[in-house]
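K.L.:
The structure under discussion is supplied below as C-alpha coordinates; questions concerning it will follow.
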Amino acid sequence: SSFSHANEKASAGYYAVKLDKHNIQVRLTASTRVGFHEYTFTEAGQANIILDLNHRDKLLEGRIKIIDDKTIEVLRRSEAWAKDQYVFARIEFNTPLHVSKYTVDSVVESNDYSGTKVAMSFSKQVQKGEKILMKVSLSPTSFEGAKRNSTEIKDWDFEKVRQDAAALWNKELSKIEVTTANQNESAIFYTALYHTMMQPNIAQDVDGSYRGRDNAIHRAEGFDYYSVFSLWDTFRAAHPLYTLIDKKRTADFINTFLAQYEQGGRLPVWELASNETDCMIGYHSVSVLADAMAKGITGFDYTKAFEAAKHSAMLDHLGLEAYKKQGFISMDDEHESVSKTLEYAYDDWCIAQMALIVNKQEEYDYFMKRSQSWKNVFDCKTGF
(Lines give C-alpha, C1' and ligand atoms only; values in the text may rest on other atoms or scores of the structure.)
Protein backbone atom coordinates (compact mmCIF):
# COMPACT_ATOMS: atom_id res chain seq x y z
CA SER A 1 0.00 0.00 0.00
CA SER A 2 1.08 3.55 -0.62
CA PHE A 3 1.27 5.98 2.30
CA SER A 4 2.05 9.64 2.94
CA HIS A 5 4.76 10.92 5.26
CA ALA A 6 2.14 13.36 6.51
CA ASN A 7 0.36 10.35 8.05
CA GLU A 8 3.42 8.98 9.85
CA LYS A 9 4.31 9.37 13.51
CA ALA A 10 7.65 8.26 14.93
CA SER A 11 9.19 8.46 18.37
CA ALA A 12 11.62 6.34 20.35
CA GLY A 13 10.10 2.85 20.56
CA TYR A 14 7.03 3.70 18.47
CA TYR A 15 5.94 4.08 14.86
CA ALA A 16 2.49 4.69 13.32
CA VAL A 17 1.25 5.16 9.76
CA LYS A 18 -1.98 5.10 7.77
CA LEU A 19 -1.98 2.74 4.77
CA ASP A 20 -3.93 4.56 2.06
CA LYS A 21 -5.16 1.57 0.04
CA HIS A 22 -7.80 0.40 2.51
CA ASN A 23 -7.36 3.11 5.15
CA ILE A 24 -5.68 0.72 7.60
CA GLN A 25 -4.17 2.29 10.72
CA VAL A 26 -0.83 0.74 11.75
CA ARG A 27 0.92 1.07 15.10
CA LEU A 28 4.20 -0.66 16.01
CA THR A 29 6.21 -0.91 19.22
CA ALA A 30 8.62 -3.43 20.76
CA SER A 31 10.40 -4.94 23.71
CA THR A 32 14.03 -6.07 23.38
CA ARG A 33 13.22 -9.26 21.44
CA VAL A 34 9.53 -8.92 20.52
CA GLY A 35 7.88 -6.68 17.94
CA PHE A 36 4.26 -5.68 18.68
CA HIS A 37 1.92 -4.82 15.77
CA GLU A 38 -1.58 -3.30 15.90
CA TYR A 39 -3.70 -3.03 12.74
CA THR A 40 -7.04 -1.21 12.84
CA PHE A 41 -9.32 -1.98 9.88
CA THR A 42 -11.61 0.97 9.23
CA GLU A 43 -13.74 -0.99 6.75
CA ALA A 44 -15.60 -4.28 7.23
CA GLY A 45 -14.42 -7.17 5.05
CA GLN A 46 -11.66 -9.76 4.77
CA ALA A 47 -8.52 -8.69 6.60
CA ASN A 48 -5.26 -10.27 5.45
CA ILE A 49 -1.86 -10.50 7.13
CA ILE A 50 0.71 -11.47 4.49
CA LEU A 51 3.97 -13.17 5.41
CA ASP A 52 6.45 -13.28 2.51
CA LEU A 53 9.79 -14.89 3.40
CA ASN A 54 11.25 -13.91 0.00
CA HIS A 55 10.82 -10.21 0.69
CA ARG A 56 14.35 -8.70 1.04
CA ASP A 57 17.54 -10.76 0.57
CA LYS A 58 18.10 -14.20 -0.96
CA LEU A 59 16.22 -16.92 0.91
CA LEU A 60 18.39 -20.01 1.49
CA GLU A 61 15.84 -21.82 3.64
CA GLY A 62 12.33 -20.80 4.63
CA ARG A 63 9.87 -22.54 6.88
CA ILE A 64 6.42 -21.73 8.28
CA LYS A 65 4.92 -24.06 10.87
CA ILE A 66 1.25 -23.63 11.80
CA ILE A 67 1.03 -24.35 15.54
CA ASP A 68 -2.65 -23.39 15.90
CA ASP A 69 -5.03 -20.74 14.53
CA LYS A 70 -3.34 -18.04 16.62
CA THR A 71 0.32 -19.14 16.47
CA ILE A 72 2.91 -19.82 13.78
CA GLU A 73 6.65 -20.43 13.85
CA VAL A 74 9.05 -19.21 11.18
CA LEU A 75 12.63 -19.93 10.13
CA ARG A 76 14.26 -17.55 7.69
CA ARG A 77 17.84 -18.37 6.70
CA SER A 78 19.17 -15.91 4.16
CA GLU A 79 22.24 -14.73 2.31
CA ALA A 80 23.31 -11.16 1.60
CA TRP A 81 25.71 -9.00 3.55
CA ALA A 82 25.76 -11.77 6.16
CA LYS A 83 26.41 -14.93 4.16
CA ASP A 84 24.39 -17.19 6.46
CA GLN A 85 21.87 -15.36 8.62
CA TYR A 86 19.43 -17.23 10.85
CA VAL A 87 16.19 -15.66 12.09
CA PHE A 88 13.71 -17.79 14.02
CA ALA A 89 10.37 -16.20 14.91
CA ARG A 90 7.23 -17.03 16.84
CA ILE A 91 4.25 -15.03 15.59
CA GLU A 92 1.15 -14.84 17.78
CA PHE A 93 -2.19 -13.29 16.83
CA ASN A 94 -4.75 -12.03 19.36
CA THR A 95 -7.57 -13.59 17.32
CA PRO A 96 -7.92 -16.78 15.24
CA LEU A 97 -6.90 -16.49 11.57
CA HIS A 98 -7.00 -19.09 8.82
CA VAL A 99 -4.55 -19.71 5.97
CA SER A 100 -6.29 -18.26 2.91
CA LYS A 101 -3.42 -18.64 0.42
CA TYR A 102 0.11 -19.94 0.25
CA THR A 103 3.03 -20.32 -2.13
CA VAL A 104 5.73 -22.89 -1.51
CA ASP A 105 8.26 -24.45 -3.92
CA SER A 106 9.27 -27.48 -1.88
CA VAL A 107 7.58 -29.35 0.96
CA VAL A 108 4.14 -29.16 2.54
CA GLU A 109 3.32 -31.68 5.22
CA SER A 110 0.84 -31.40 8.10
CA ASN A 111 0.85 -27.62 8.48
CA ASP A 112 4.61 -27.36 7.88
CA TYR A 113 5.63 -25.41 4.75
CA SER A 114 9.28 -25.16 3.67
CA GLY A 115 11.41 -24.23 0.66
CA THR A 116 13.27 -21.36 -0.94
CA LYS A 117 10.03 -19.67 -2.01
CA VAL A 118 7.57 -19.41 0.86
CA ALA A 119 4.70 -16.95 1.34
CA MET A 120 1.36 -17.14 3.11
CA SER A 121 -1.67 -15.01 3.91
CA PHE A 122 -3.65 -15.27 7.15
CA SER A 123 -7.19 -13.97 7.00
CA LYS A 124 -10.42 -13.32 8.86
CA GLN A 125 -13.65 -11.38 8.38
CA VAL A 126 -13.51 -8.17 10.42
CA GLN A 127 -16.07 -5.58 11.46
CA LYS A 128 -15.51 -1.87 10.89
CA GLY A 129 -12.98 -0.60 13.45
CA GLU A 130 -11.82 -4.09 14.47
CA LYS A 131 -8.16 -4.53 15.44
CA ILE A 132 -5.76 -7.41 14.79
CA LEU A 133 -2.74 -7.49 17.08
CA MET A 134 0.44 -9.50 16.49
CA LYS A 135 3.50 -10.29 18.56
CA VAL A 136 6.65 -11.33 16.67
CA SER A 137 9.33 -12.85 18.91
CA LEU A 138 12.78 -13.19 17.37
CA SER A 139 15.60 -15.61 18.15
CA PRO A 140 18.97 -16.30 16.51
CA THR A 141 19.03 -19.88 17.85
CA SER A 142 15.79 -21.87 17.55
CA PHE A 143 11.99 -22.08 17.61
CA GLU A 144 12.30 -22.88 21.32
CA GLY A 145 14.37 -19.73 21.81
CA ALA A 146 11.71 -17.63 20.08
CA LYS A 147 9.04 -19.18 22.31
CA ARG A 148 11.04 -18.36 25.44
CA ASN A 149 11.63 -14.82 24.20
CA SER A 150 7.90 -14.31 23.64
CA THR A 151 7.49 -14.11 27.43
CA GLU A 152 8.92 -10.56 27.30
CA ILE A 153 5.42 -9.34 26.39
CA LYS A 154 2.92 -11.34 28.41
CA ASP A 155 -0.40 -9.68 27.49
CA TRP A 156 -2.01 -7.72 24.65
CA ASP A 157 -1.80 -4.21 26.14
CA PHE A 158 -0.24 -2.18 23.32
CA GLU A 159 -0.15 1.09 25.26
CA LYS A 160 1.68 -0.50 28.18
CA VAL A 161 4.38 -1.95 25.88
CA ARG A 162 4.69 1.40 24.12
CA GLN A 163 5.08 3.22 27.46
CA ASP A 164 7.63 0.65 28.67
CA ALA A 165 9.66 1.14 25.48
CA ALA A 166 9.52 4.94 25.83
CA ALA A 167 10.59 4.71 29.50
CA LEU A 168 13.52 2.48 28.57
CA TRP A 169 14.65 4.89 25.83
CA ASN A 170 14.17 7.85 28.17
CA LYS A 171 16.44 6.20 30.76
CA GLU A 172 19.17 5.66 28.15
CA LEU A 173 18.86 9.11 26.56
CA SER A 174 18.90 10.77 30.00
CA LYS A 175 22.51 9.68 30.47
CA ILE A 176 23.45 13.02 28.92
CA GLU A 177 21.51 16.16 29.81
CA VAL A 178 21.70 19.21 27.60
CA THR A 179 19.90 22.49 28.19
CA THR A 180 19.24 25.01 25.46
CA ALA A 181 16.55 27.55 24.63
CA ASN A 182 16.71 26.34 21.04
CA GLN A 183 14.38 23.33 20.76
CA ASN A 184 15.76 22.51 17.33
CA GLU A 185 19.27 22.09 18.76
CA SER A 186 17.89 19.86 21.52
CA ALA A 187 16.05 17.70 18.98
CA ILE A 188 19.18 17.38 16.83
CA PHE A 189 21.30 16.38 19.84
CA TYR A 190 18.92 13.74 21.21
CA THR A 191 18.19 12.35 17.74
CA ALA A 192 21.95 11.91 17.24
CA LEU A 193 22.30 10.29 20.68
CA TYR A 194 19.36 7.98 19.80
CA HIS A 195 21.17 6.99 16.59
CA THR A 196 24.26 5.94 18.57
CA MET A 197 22.02 3.48 20.45
CA MET A 198 20.41 1.78 17.44
CA GLN A 199 23.28 -0.72 17.22
CA PRO A 200 24.91 -2.90 18.43
CA ASN A 201 21.88 -5.10 19.14
CA ILE A 202 21.24 -7.83 21.70
CA ALA A 203 21.72 -11.13 19.81
CA GLN A 204 20.92 -13.71 22.48
CA ASP A 205 17.80 -15.34 23.88
CA VAL A 206 16.48 -14.49 27.33
CA ASP A 207 18.41 -17.48 28.73
CA GLY A 208 21.73 -16.25 27.23
CA SER A 209 21.79 -18.67 24.26
CA TYR A 210 23.29 -17.26 21.06
CA ARG A 211 24.55 -18.39 17.67
CA GLY A 212 28.34 -18.05 17.60
CA ARG A 213 30.75 -17.31 14.80
CA ASP A 214 31.20 -21.09 14.40
CA ASN A 215 27.42 -21.38 13.76
CA ALA A 216 27.07 -23.44 16.95
CA ILE A 217 24.79 -22.48 19.85
CA HIS A 218 26.59 -21.15 22.93
CA ARG A 219 25.51 -19.69 26.29
CA ALA A 220 26.76 -16.27 27.36
CA GLU A 221 27.94 -16.44 30.96
CA GLY A 222 28.32 -13.14 32.82
CA PHE A 223 27.78 -10.90 29.78
CA ASP A 224 25.25 -10.08 27.08
CA TYR A 225 26.09 -11.14 23.52
CA TYR A 226 25.62 -8.44 20.87
CA SER A 227 25.65 -8.21 17.07
CA VAL A 228 26.14 -5.54 14.37
CA PHE A 229 29.64 -4.23 14.95
CA SER A 230 30.25 -1.83 12.08
CA LEU A 231 33.61 -1.05 13.62
CA TRP A 232 35.12 1.05 10.82
CA ASP A 233 32.13 3.37 11.34
CA THR A 234 32.12 3.40 15.14
CA PHE A 235 35.67 3.14 16.52
CA ARG A 236 36.37 6.88 16.19
CA ALA A 237 33.46 8.33 18.14
CA ALA A 238 30.60 5.95 19.03
CA HIS A 239 32.68 3.45 21.02
CA PRO A 240 34.61 6.17 22.89
CA LEU A 241 31.19 7.63 23.81
CA TYR A 242 30.06 4.23 25.12
CA THR A 243 33.13 4.09 27.40
CA LEU A 244 31.81 7.25 29.08
CA ILE A 245 28.06 6.54 29.29
CA ASP A 246 27.86 2.74 28.95
CA LYS A 247 30.72 0.99 30.74
CA LYS A 248 28.73 -2.24 31.30
CA ARG A 249 27.78 -2.51 27.64
CA THR A 250 31.35 -1.69 26.61
CA ALA A 251 32.52 -4.73 28.61
CA ASP A 252 29.72 -6.80 27.03
CA PHE A 253 30.78 -5.67 23.54
CA ILE A 254 34.37 -6.67 24.29
CA ASN A 255 33.36 -10.05 25.74
CA THR A 256 31.38 -10.56 22.52
CA PHE A 257 34.53 -9.72 20.53
CA LEU A 258 36.52 -12.26 22.55
CA ALA A 259 33.86 -14.96 22.12
CA GLN A 260 33.97 -14.33 18.36
CA TYR A 261 37.76 -14.52 18.42
CA GLU A 262 37.59 -17.91 20.16
CA GLN A 263 34.80 -19.29 17.94
CA GLY A 264 35.73 -17.69 14.61
CA GLY A 265 39.50 -17.42 14.76
CA ARG A 266 39.83 -13.63 14.82
CA LEU A 267 38.37 -10.44 16.22
CA PRO A 268 35.44 -8.92 14.30
CA VAL A 269 36.10 -6.41 11.51
CA TRP A 270 32.49 -5.68 10.49
CA GLU A 271 30.27 -8.36 12.06
CA LEU A 272 26.60 -8.94 11.29
CA ALA A 273 24.40 -11.75 12.66
CA SER A 274 27.50 -13.69 13.81
CA ASN A 275 28.93 -13.49 10.26
CA GLU A 276 32.13 -11.67 9.35
CA THR A 277 31.37 -9.45 6.35
CA ASP A 278 34.98 -8.10 6.07
CA CYS A 279 33.46 -4.78 5.09
CA MET A 280 35.82 -1.79 5.22
CA ILE A 281 39.44 -1.96 6.35
CA GLY A 282 41.68 -2.20 9.41
CA TYR A 283 40.93 -4.34 12.45
CA HIS A 284 39.37 -1.70 14.66
CA SER A 285 38.20 -4.03 17.40
CA VAL A 286 41.67 -3.37 18.82
CA SER A 287 40.93 0.35 19.06
CA VAL A 288 37.86 -0.42 21.19
CA LEU A 289 39.85 -2.83 23.36
CA ALA A 290 42.72 -0.37 23.88
CA ASP A 291 40.38 2.51 24.73
CA ALA A 292 38.55 0.46 27.37
CA MET A 293 41.81 -0.79 28.88
CA ALA A 294 43.34 2.71 28.96
CA LYS A 295 40.24 3.96 30.81
CA GLY A 296 40.35 1.08 33.29
CA ILE A 297 36.98 -0.41 32.35
CA THR A 298 36.55 -3.77 34.09
CA GLY A 299 34.55 -6.89 33.32
CA PHE A 300 36.77 -8.50 30.68
CA ASP A 301 40.14 -10.28 30.56
CA TYR A 302 42.90 -7.79 29.60
CA THR A 303 45.42 -10.53 28.83
CA LYS A 304 43.03 -12.36 26.53
CA ALA A 305 42.11 -9.04 24.86
CA PHE A 306 45.79 -8.37 24.13
CA GLU A 307 46.30 -11.92 22.83
CA ALA A 308 43.31 -11.53 20.47
CA ALA A 309 44.52 -8.14 19.24
CA LYS A 310 48.03 -9.43 18.57
CA HIS A 311 46.59 -12.42 16.71
CA SER A 312 44.56 -10.15 14.39
CA ALA A 313 47.66 -8.08 13.66
CA MET A 314 49.84 -11.08 12.76
CA LEU A 315 47.57 -12.63 10.09
CA ASP A 316 48.61 -12.64 6.41
CA HIS A 317 45.37 -11.59 4.71
CA LEU A 318 44.12 -8.24 3.36
CA GLY A 319 47.62 -6.89 2.67
CA LEU A 320 49.02 -7.68 6.13
CA GLU A 321 51.70 -10.01 4.77
CA ALA A 322 53.26 -7.26 2.67
CA TYR A 323 52.74 -4.71 5.45
CA LYS A 324 54.69 -6.87 7.93
CA LYS A 325 57.52 -7.59 5.46
CA GLN A 326 58.17 -4.14 4.03
CA GLY A 327 56.46 -1.69 6.37
CA PHE A 328 53.85 -0.57 3.84
CA ILE A 329 51.38 -1.97 1.31
CA SER A 330 52.03 -1.13 -2.34
CA MET A 331 49.32 -0.90 -4.96
CA ASP A 332 50.75 -4.11 -6.46
CA ASP A 333 50.20 -5.94 -3.15
CA GLU A 334 46.61 -5.03 -2.38
CA HIS A 335 43.89 -2.56 -3.32
CA GLU A 336 43.25 0.40 -0.95
CA SER A 337 46.95 0.12 -0.18
CA VAL A 338 47.57 3.57 1.32
CA SER A 339 44.40 3.54 3.44
CA LYS A 340 45.20 0.07 4.75
CA THR A 341 48.77 1.07 5.60
CA LEU A 342 47.49 4.07 7.59
CA GLU A 343 44.79 2.16 9.43
CA TYR A 344 47.01 -0.80 10.28
CA ALA A 345 49.60 1.65 11.66
CA TYR A 346 46.97 3.25 13.91
CA ASP A 347 45.75 -0.16 15.11
CA ASP A 348 49.36 -1.21 15.79
CA TRP A 349 49.75 1.84 18.03
CA CYS A 350 46.62 0.74 19.92
CA ILE A 351 48.07 -2.76 20.40
CA ALA A 352 51.32 -1.24 21.66
CA GLN A 353 49.38 0.64 24.36
CA MET A 354 47.65 -2.61 25.34
CA ALA A 355 51.05 -4.35 25.54
CA LEU A 356 52.23 -1.65 27.93
CA ILE A 357 49.19 -2.16 30.18
CA VAL A 358 49.74 -5.95 30.38
CA ASN A 359 53.53 -5.58 30.78
CA LYS A 360 54.62 -7.07 27.45
CA GLN A 361 57.69 -4.92 26.73
CA GLU A 362 58.93 -6.88 23.70
CA GLU A 363 55.52 -6.68 22.01
CA TYR A 364 55.24 -3.00 22.93
CA ASP A 365 58.52 -2.28 21.15
CA TYR A 366 57.51 -4.34 18.09
CA PHE A 367 54.12 -2.71 17.65
CA MET A 368 55.36 0.81 18.37
CA LYS A 369 57.91 0.36 15.58
CA ARG A 370 55.21 -1.01 13.26
CA SER A 371 52.89 1.86 14.14
CA GLN A 372 55.32 4.26 12.43
CA SER A 373 54.70 2.57 9.06
CA TRP A 374 52.52 5.48 7.92
CA LYS A 375 55.77 7.40 7.35
CA ASN A 376 56.66 4.96 4.57
CA VAL A 377 53.83 6.25 2.36
CA PHE A 378 54.30 9.95 3.18
CA ASP A 379 56.36 12.23 0.94
CA CYS A 380 57.71 15.18 2.95
CA LYS A 381 58.57 17.15 -0.23
CA THR A 382 55.10 17.06 -1.76
CA GLY A 383 53.10 16.77 1.45
CA PHE A 384 51.22 13.78 0.03
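K.L.:
If you take the beta carbon distance between LYS295 and THR151 as r and set R0 to 56 Å, what does 1/(1 + (r/R0)^6) give as a FRET efficiency, to the nearest 0.05?
P.N.:
Efficiency for this residue pair is about 0.95.
K.L.:
Let me ask you something else. Would you please name the trypsin sites (Lys or Arg not before Pro) within region 100-148 that are DSSP coil residues with at most 15 other C-beta atoms within 10 Å of their C-beta?
P.N.:
Hits after loop and neighbour filter: LYS117, LYS128.
K.L.:
Given the Cα-Cα distance of GLN46 and GLN25 and 0.36 nm per residue of separation, how much length would full extension add, in nm?
P.N.:
Details: separation 21, 0.36 × 21 = 7.56 nm, distance 1.54 nm.
Working it through step by step, the gained length comes to 6.0 nm.
K.L.:
With only alpha-carbon atoms in the gyration tensor, what are the semi-axes of the equivalent ellipsoid for region 30-188, in Å, largest first?
P.N.:
For region 30-188, the semi-axes come out at 33, 22, 15 Å.
K.L.:
Determine how large the accessible area of ASP155 is when every protein chain is in place; take a 1.4 Å probe and give Å² rounded to the nearest 10.
P.N.:
70
K.L.:
Between the DSSP loop rule and a limit of at most 11 other Cβ atoms within 10 Å, which trypsin sites (Lys or Arg not before Pro) in region 14-64 are left? Kindly include the intermediate steps, with their values, before the conclusion.
P.N.:
Values: sites: LYS18, LYS21, ARG27, ARG33, ARG56, LYS58, ARG63; in loops: LYS21, ARG33, ARG56.
Qualifying residues, ordered by number: LYS21, ARG56.
K.L.:
Given the convex hull over the Cα atoms of region 235-275, what projected area results after averaging over all orientations, in nm²?
P.N.:
One quarter of the hull surface, i.e. the mean projection, equals 3.0 nm².
K.L.:
Oh, and also: Using helices alone, I'd like the mean residue ellipticity at 222 nm for the chain: each DSSP H run of four-plus residues gives -39500 (n - 2.57), total over residue count, nearest 500.
P.N.:
Using -39500 (n - 2.57) per qualifying helix, the result is -10000 deg cm²/dmol.
K.L.:
Right, next: To the nearest 20 debye, what charge dipole does the chain have about its Cα centre, counting +1 at the Cβ of each Lys and Arg and -1 at the Cβ of each Asp and Glu?
P.N.:
That gives a dipole near 740 debye.
K.L.:
Also, I was wondering about something else. Given a Förster radius of 25 Å and the C-beta distance between THR179 and SER11 as r, what FRET efficiency does 1/(1 + (r/R0)^6) yield to the nearest 0.05? Don't skip to the answer; put the middle values down first.
P.N.:
Details: r = 21 Å, r/R0 = 0.84.
Given R0 = 25 Å and the Cβ-Cβ separation, E is 0.75.
K.L.:
If the only charges are +1 at each Lys and Arg Cβ and -1 at each Asp and Glu Cβ, what is the size of the charge dipole of region 178-297 around the Cα centre, to the nearest 20 debye?
P.N.:
240
K.L.:
Can I ask one more? With every protein chain present, what is the per residue accessible area of the chain (1.4 Å probe, Å²)?
P.N.:
Details: 19490 Å² over 384 residues.
With the other protein chains kept in place, the chain gives 51 Å² per residue.
K.L.:
Towards the positive end of the charge dipole of the chain, with charges on Cβ (+1 Lys, Arg; -1 Asp, Glu), say which of ALA89, GLY208, PHE300 has the farthest Cα.
P.N.:
Positive-most Cα among the choices belongs to ALA89.
K.L.:
Output the pairs from LYS9/LYS154; LYS21/LYS147; LYS248/LYS360; LYS295/LYS375; LYS295/LYS360; LYS21/LYS124 with a Cα-Cα distance over 23 Å in this structure; if there are none, say none. Walk me through the numbers before you get to the answer.
P.N.:
On the way: LYS9/LYS154 26 Å; LYS21/LYS147 34 Å; LYS248/LYS360 27 Å; LYS295/LYS375 28 Å; LYS295/LYS360 18 Å; LYS21/LYS124 18 Å.
Among LYS9/LYS154; LYS21/LYS147; LYS248/LYS360; LYS295/LYS375; LYS295/LYS360; LYS21/LYS124, the Cα-Cα distance tops 23 Å for LYS9/LYS154; LYS21/LYS147; LYS248/LYS360; LYS295/LYS375.
K.L.:
Say each of GLN163 and MET331 gets a label point 7 Å from the Cα, pointing the same way as Cα to Cβ; how far apart are those two points in nm?
P.N.:
6.4
K.L.:
Count neighbours as other Cβ atoms within 10 Å of each site's Cβ, and list the GluC sites (Glu not before Pro) in region 297-375 that are DSSP loop with at most 15 such neighbours.
P.N.:
Answer by residue number: GLU336.
K.L.:
Which of the listed residues, TYR194, SER150, ASN170, is farthest toward the dipole's positive end in region 107-202, when Lys, Arg count +1 and Asp, Glu count -1 at the beta-carbon?
P.N.:
Sorting the options by dipole projection puts first SER150.
K.L.:
Which value, in debye to the nearest 20, gives the size of the charge dipole of region 1-151 about its Cα centre, when Lys and Arg are +1 and Asp and Glu are -1 at the Cβ?
P.N.:
320
K.L.:
At a 1.4 Å probe, what is the % contribution of carbon and sulfur to the accessible area of the chain?
P.N.:
53
K.L.:
Once the cut-off is 15 Å, how many percent of the Cα-Cα pairs in region 1-88 end up in the long-distance tail?
P.N.:
The answer is 71 percent, as a whole percent.
K.L.:
Between THR103, LEU267, ASN23, whose Cα lies farthest towards the positive end of the dipole of the chain when Lys and Arg beta carbons carry +1 and Asp and Glu beta carbons carry -1, centred on the Cα centre?
P.N.:
Farthest towards the positive end: ASN23.
The values are calculated or read from the model by the stated rules, or taken from the named source; none is laboratory data. Quick caveat: nothing in here was measured; it's all calculated off a predicted structure. Reconstructed Cβ throughout: ideal geometry from the backbone, glycine too, with neighbour counts over all protein chains shown. Surface areas here come from the heavy atoms of the whole protein model, side chains and all, with no ligands, DNA or RNA. Shrake-Rupley method; radii C 1.70, N 1.55, O 1.52, S 1.80 Å.
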